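A.B. asks: Next up is a structure, given as structure tokens.
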Amino acid sequence: MKVKIQVRRGAAGRQYYQTYEVEVEDPRITVLDLLIKVREDLDGTLSMRYACRMGVCGACAMVINGVPRLACTTKLSDLGTSEIFVGPLPNRNIIKDLVTD
């Protein structure tokens, strides 16, 4: 299954969307796993935070398809689409890409 993920990137004041196309074998992987795959295989400069990967700490909170969610608990199959929009949480200071303060 081919997934197109658009990530809102940049620092405060200079935001833009960058599109990645990723081949995914299992639609039950999480958005966090997809972002890690993008960072490891396609673009090592992508910045994001995560810690526990179990939905407890909230470090991976971001806006996914217009809804604030935890990337570690949001599965691709739950979104029901192969096109995903990801951005940092609003009303937070953006440090870089998906990392907020």
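A.B. asks: Which one, Val7, Ile95, Gln18, projects farthest toward the positive side of the charge dipole computed for segment 2-100 from Cβ point charges (K/R +1, D/E -1)?
C.D. replies: So the residue furthest toward the plus end is Ile95.
A.B. asks: Lys/Arg Cβ at +1, Asp/Glu Cβ at -1, dipole of the chain taken about the Cα centre: which of Phe85, Pro27, Val56 is farthest positive-ward?
C.D. replies: Sorting the options by dipole projection puts first Val56.
A.B. asks: Can you give me the P(r) profile for segment 31-78? Cα pairs, bins 5 angstrom wide beginning at 0, each as a whole percent.
C.D. replies: 5, 24, 29, 25, 15, 2
A.B. asks: What value, in deg cm²/dmol to 500, does the helix sum -39500 (n - 2.57) over DSSP H runs of n ≥ 4 give at 222 nm once divided by the residues of the chain?
C.D. replies: For the chain, the value works out to -4000 deg cm²/dmol.
A.B. asks: Tell me which residues come under 5 Å, amide H to amide H, from Phe85 once H is placed; ignore anything under 5 positions away on its chain.
C.D. replies: Here Gln6, Asn65 satisfy the definition.
A.B. asks: Can you tell me which aspartates and glutamates have their Cα less than 18 Å from the Cα of Lys75? Leave out same-chain residues fewer than eight positions away.
C.D. replies: Glu21, Glu23, Glu25, Asp26, Asp33, Glu83
A.B. asks: For a quick check: sort Asp33, Asp101 by the number of other beta carbons within 10 angstrom, fewest at the front.
C.D. replies: Asp101, Asp33
A.B. asks: Here is a follow-up. How large is the charge dipole for the chain, taken about the Cα centre, if only the Cβ atoms of Lys, Arg (+1) and Asp, Glu (-1) carry charge, to the nearest 20 debye? Don't skip to the end; give the middle numbers.
C.D. replies: Values: 14 positive and 12 negative charges, 79 e Å.
Using only the charged Cβ atoms, the result is roughly 380 debye.
A.B. asks: On a 0 to 90° scale, report how tilted helix 31-41 is relative to the longest principal axis of the chain, with both axes built from alpha carbons and the result rounded to the nearest 10.
C.D. replies: 90
Values in this text are rule-based calculations from the coordinates and carry no lab data. None of these values were measured; they are calculated from a predicted model. Cβ sites come from the backbone with ideal geometry, for glycine too, and all protein chains shown count toward neighbours.
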